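The values are calculated or read from the model by the stated rules, or taken from the named source; none is laboratory data. Remember, predicted model here, so these are calculated numbers, not experimental data. Virtual Cβ from ideal backbone geometry, glycine too; neighbours counted across all protein chains shown. The accessibility values were calculated without ligands, DNA or RNA, using every heavy atom of the protein model including side chains. Shrake-Rupley method; radii C 1.70, N 1.55, O 1.52, S 1.80 Å.
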Amino acid sequence: MLTRILRSPLAWAGVVLLGVVAAFGLYWFAPWKLVTDTYVDDALPATAATTTPAPSASGATASAPPARNQVLAGGAFVTHEHATRGRAEIVRRPDGRHLLVLRDLDTSNGPDLRVWLTDQPVLAGTAGWRVFDDGEWFEVARLKGNRGDQVYELPSSLVPADFRSVSIWCRRFAVSFGAAELTAT
């Protein structure tokens, strides 16, 4: 009986179709990412507390960039689709360039994770899972790893003040793993 079934072209077509569906499912969902972690240990920039520029002798405030790195905004990550912890910060370097710093990030690995700056508020729980692609967003980069310290250089054309949150965004499933509200310091 089994021999007769295996001789049928329809049975072989079914086996091939099942193999294609299984391969696609493995690619799309990447289940091995649930049990693997990628650690990143970028050198974090030393930062100074943000201060208001002192007025000059003429009474105008100085507009020169600070002599040290300054944290302009930051916030702690909240959990969305997957448990996420850590802190996100926007840092201005003395030369005027900006960095996005993820400190002590700890989230699940995923099939297509990105780091996004967005203009959307961070909502706790399932209400915040899918809001970040509703407004303006900028894809900073592919997430380097799901654990550790990470530093991303922001393009000079980007105005960090235009964004109010950072999301660890799964592009494949259009869902936030976790996000941090960027509050001015």
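Each row is one residue, and each column tells you yes or no for (1) in contact with a Ser or Thr (Cβ under 9 Å, 6 or more places away or on another chain); (2) among the hydroxyl-bearing types (S, T, Y); (3) open to solvent by 60 Å² or more (accessible area, probe 1.4 Å); (4) within 26 Å of A46 (Cβ to Cβ).
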residue	(1), (2), (3), (4)
R93	no, no, yes, yes
R114	yes, no, no, no
R130	yes, no, yes, no
E139	no, no, no, no
D149	no, no, no, yes
S156	no, yes, yes, yes
P160	no, no, no, yes
A174	no, no, no, no
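Exactly one residue out of R87, R93 is modelled with pLDDT of 95 or more, more than 20 Å from I168 (Cβ to Cβ) and not small (G, A, S): that is R93. Going by the conditions given, is V166 surrounded by 16 or more Cβ atoms within 10 Å (Cβ to Cβ), in contact (Cβ under 8 Å) with a residue 40 or more places away in the chain and farther than 18 Å from L102 by Cβ? In short, no. Modelled with pLDDT of 95 or more, open to solvent by 50 Å² or more (accessible area, probe 1.4 Å) and either of a type outside the set (G, A, S) or at positive phi (or both): is that true of R68 in this structure? Here the answer is no, as R68 does not meet what is asked. Among the candidates T126, T52, the residue that is modelled with pLDDT under 95 and over 19 Å from S176 (Cβ atoms) is uniquely T52. The residues of the range 89-147 that are touching a helix residue (DSSP H, G or I) at 6+ places or on another chain (Cβ under 9 Å), in a loop (DSSP other than H, G, I, E, B) and under 13 Å from F163 (Cα atoms), listed by number, are D119, Q120, P121, V122, E136. In the condition set (1) open to solvent by 30 Å² or more (accessible area, probe 1.4 Å); (2) modelled with pLDDT of 95 or more, L99 is compliant with all but (1).
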